[in-house]
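What follows is a short report on a single structure.
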Amino acid sequence: MNVCDKCGSPEIIIKKKQSGQKLCSNCFIESTKNKVLKDIRRQKLIEKGDKVLLGLSGGKDSVMLLDILSTLKNRGIIDLVAVTIDEGIEGYREEGVELAIKNAEKYGVEHKVVSFKQYFGTTLDKIIQNNSEDARRNACTYCGVFRRWIFNRVSREVGATKIATGHNLDDETQSIVMSYLEGNIQNLTRIGPKSQSKSEKFTVKIKPLREIPEREIGLYVIAKELDVHFAGCPYAGESFRAEIGTFLKQLTNDHPTIMYSTLRGFDRMKPVLKKEFGKESVFDECEICGEPSASKLCKACSFLKQWEDQS
């Protein structure tokens, strides 16, 4: 019968390809939220008393994570603060910032809006426009480095003990496959639900949505009627990550569990990779910004110096 496997409702909104389970709207929302909270407990991503800094872009992933983490805040388990980063992408970021502000107010969460311009004196648009075509194709690399720098700096400014991001199952499997194809073993040793460093200046980063497919996150925000920014970044379509994402989605059509099996297989191999290839970085301070760095300049300052030299 075409009814919800949990409550018997005839109003089905999803049939999970990997399990065949059919769920109505309410049961899907509840089961997804419970799955995320269970993963948080199982992987010990959050402890009672943590102050969690949530990266809130206004997109579906971060708004769903805000919806779920706010339940822990309301129960007095964690303190929650959100930060929105304006990268300076004209015609794209403005709506996301507005929706992030709206959602932070809705959930009663302390919220900060910061920007590339504020911390680096420029925008992503300007960096890419004044650079080569190759740099445009690698816009995601620049953006990722600058965003991580800001998250880490803001986390210390607000006294956060964890940084939570909305990386989903698709994101994580893309990172695994990309790193393998590029031969980036060091990056493979760092991928996971929880990352931390020996440097006290680095705040622990967590990915509570790591086992939730992007498709289900989209269904969750629609089912709950959450206000989110669905538009995709104009630079993302030109990236290597986008190519890998398309490839994995095509595979998923015929092999529904491929992303889960990729993640599970990687998680079993990671301890061996870390033992054989994980190297201890000797952290010092970047001579320009003072952030922890394994060399004279951190990645962010190195990129900015390259951009200034070419401008």
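The values are calculated or read from the model by the stated rules, or taken from the named source; none is laboratory data. Just so it is clear, the structure is predicted and the values come from calculations on it, not from any experiment. Positions of Cβ are backbone-derived with ideal geometry, glycine not excepted, and every protein chain shown enters the neighbour counts. Heads up: the accessible areas ignore ligands, DNA and RNA and are worked out on the full protein's heavy atoms, side chains in. Shrake-Rupley method; radii C 1.70, N 1.55, O 1.52, S 1.80 Å.
Give, to the nearest whole percent, the P(r) tail of region 134-176 beyond 14 angstrom, counting all Cα pairs.
On the way: 574 of 903 pairs.
Of all Cα-Cα pairs in region 134-176, 64 percent lie more than 14 Å apart.
I want the local charge near Thr165. Using Cβ-Cβ distances under 12 Å, sum +1 for each Lys or Arg and -1 for each Asp or Glu among the other residues. Intermediate values should be presented prior to the final figure.
Values: positive: Arg147, Arg148, Lys162, Lys194, Lys205, Lys207, Arg210; negative: Asp61, Asp171, Glu172.
That works out to +4.
So what's the Cα pair-distance distribution over region 171-311, bin width 5 Å, in %?
2, 8, 12, 16, 18, 17, 13, 9, 5, 1, 0
Where the centroid of each part is defined by its Cα atoms, how far is region 173-224 from region 250-295 in Å?
Here the answer is 8 Å between Cα centres.
Give the accessible surface of the chain per residue, rounded to a whole number of Å², with probe radius 1.4 Å and ligands, DNA and RNA excluded. Mind dumping the intermediate values first?
Details: 15890 Å² over 311 residues.
Value returned for the chain: 51 Å² of accessible area per residue.
When you count, for each residue, the other Cβ atoms within 10 Å and take the mean per peptide, how do 300-308, 60-68 rank with the highest first? Please list the in-between numbers first.
Values: 300-308: 17.4, 60-68: 24.1.
In decreasing order of mean packing, 300-308, 60-68 become 60-68, 300-308.
Rounded to a whole number, what % of the accessible area of the chain do carbon and sulfur atoms account for, probe 1.4 Å?
On the way: 7850 of 15890 Å².
Looking at the chain in its full context, I get 49 percent from C and S.
As a test question: what accessible area, to the nearest 10 Å², does Asp267 have when a 1.4 Å probe is rolled over all protein chains in place?
The accessible area of Asp267 comes to roughly 60 Å².
Taking every pair of alpha-carbon atoms in region 14-80, give the share separated by more than 20 Å as a whole percent.
Values: 796 of 2211 pairs.
Of the Cα pairs, 36 percent sit more than 20 Å apart.
At a 10 angstrom cut-off on C-beta neighbours, averaged per residue, how do the peptides 288-297, 211-220 rank from highest to lowest? Before the final figure, lay out the partial values.
Numbers: 288-297: 15.7, 211-220: 19.8.
Sorting 288-297, 211-220 by mean packing, highest first, produces 211-220, 288-297.
From the C-alpha coordinates alone, can you work out the Kirkwood hydrodynamic radius of region 228-311, in Å? Before the final figure, lay out each step's value.
Details: mean 1/r = 0.0584 Å⁻¹.
About 17.1 Å for region 228-311.
Among DSSP bridges having both ends in the chain, what percentage is antiparallel? Round to the nearest 5.
Details: 7 of 25 bridges.
Bridges in the chain that DSSP calls antiparallel: roughly 30 percent.
Hey, what's the Cα Rg ratio for region 99-218 versus the globular rule of thumb, 2.2 N^0.38 Å? List each step's numbers first, then the result.
Values: Rg = 16.1 Å, N = 120, 2.2 N^0.38 = 13.6 Å.
Output field value: 1.19.
Positive end of the dipole of the chain, charges at C-beta (+1 Lys, Arg; -1 Asp, Glu), about the Cα centre: which of Ser293, Thr123, Ile14 has its Cα farthest in that direction?
Sorting the options by dipole projection puts first Ile14.
When the helix-only estimate is applied to the chain (DSSP H runs of n ≥ 4, each -39,500 (n - 2.57), divided by the residue count), what is the mean residue ellipticity at 222 nm, nearest 500 deg cm²/dmol?
Numbers: 13 runs with 158 residues, N = 311.
So the calculated ellipticity at 222 nm is -16000 deg cm²/dmol.
Over the residues of region 40-161, compute the C-alpha Rg and express it relative to 2.2 N^0.38 Å.
Working: Rg = 15.6 Å, N = 122, 2.2 N^0.38 = 13.7 Å.
Dividing the Cα radius of gyration by 2.2 N^0.38 Å gives 1.15.
I want to check the label-to-label distance for Ser199 and Ala236. Put each point 7 Å from Cα in the C-beta direction and report it in nm to one decimal.
Inter-label distance under the simple model: 2.8 nm.
Mind ranking 141-149, 91-99 by how tightly packed they are, going by the mean number of other C-beta atoms within 10 angstrom, highest first? Don't skip to the answer; put the middle values down first.
Working: 141-149: 18.8, 91-99: 17.2.
Listed from highest to lowest mean packing, they are 141-149, 91-99.
For His229, enumerate residues with amide H under 5 Å from its amide H, sequence gap 5+ or separate chain, H modeled in the peptide plane.
It is Gly59, Lys60, by chain and number.
For the chain, what size does the Cα cloud have along each of its three principal axes, sorted from largest down, in whole Å?
If we take the Cα atoms of the chain, the spans are 66, 42, 38 Å.
Taking a quarter of the surface of the convex hull around the Cα atoms of region 163-220, what do you get in nm²? Walk me through the numbers on the way to the answer.
Numbers: hull surface 17.5 nm².
For region 163-220, averaging the hull's shadow over all directions gives 4.4 nm².
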